[in-house]
Amino acid sequence: MKPLQHPDIHHLQAAQGWLELGNHLEAEKELDEIAPQLRVHPDVLNVRWEVYAKEKKWEACVDIAAAIIKLDPNRPEAWIHRSFALHELERTQEAFDLLLPVVKKFRKAWTIPYNLACYCAQLGRLDESQEWFKKALAIDEHTVKRAAIDDPDLKPLWDSMSGAMWKRTE
């Protein structure tokens, strides 16, 4: 897809800046300044997804991510975003099922096996969760460890591992 041009690229960059500053309302205003025919550009939709995620509009986030996937299926973040939104809607099995097919396509995206680990942990499939977590670590150990420290989605995995450790030492 063709990159955005002036002035639309400036509105997109401003929206990204507002998001970085924690102001999703101003980001949304900037996105609304983009020419209407370009608001369906994958770059614009990706930022719109971020805005809606801040507002916890998960149904809209699913739709936006699905639109990005349709326009440009080579964007791993679109697949990740769609599954994340589904998980937030408590449709975790669906989130897992729709993310699983792209594991091999995006081998360097640590977030994919990491999210699969989270979804498995939440579904009570702890052995599978641990395997996905190991795969994420193999891609980017430092980042994965930082992300996992306080991730409540992985709590069932950590609880099962600490329980197993206690059983071994008793």
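Derivation of every value follows stated rules applied to the coordinates shown; laboratory data play no part. Keep in mind that this is a model prediction, so the values were computed, not measured. Cβ placement follows ideal geometry from the backbone for every residue including glycine, while neighbour counts extend to all protein chains displayed.
Numbers at a glance
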item: In the range 55-80, the residues that are within 14 Å of the chain's Cα centre (by Cα), surrounded by 15 or more Cβ atoms within 10 Å (Cβ to Cβ) and touching a residue at least 24 places away in the same chain (Cβ under 8 Å); result: 58, 61, 62, 68, 75, 76, 77, 78, 79, 80
item: Considering residues of the range 94-104 that are over 13 Å from the mean Cα position of the chain (by Cα) and touching a residue at least 12 places away in the same chain (Cβ under 8 Å) only, the residue nearest to residue 138 (Cα to Cα); result: 103
item: Within the range 97-131, tally of residues that are in a loop (DSSP other than H, G, I, E, B) and aromatic (Phe, Trp, Tyr); result: 2
item: Restricting the range 6-31 to residues that are under 17 Å from residue 61 (Cα atoms) and free of Cβ contacts under 8 Å to residues at least 24 places away in the same chain, the residue that is surrounded by the most Cβ atoms within 10 Å (Cβ to Cβ); result: 31
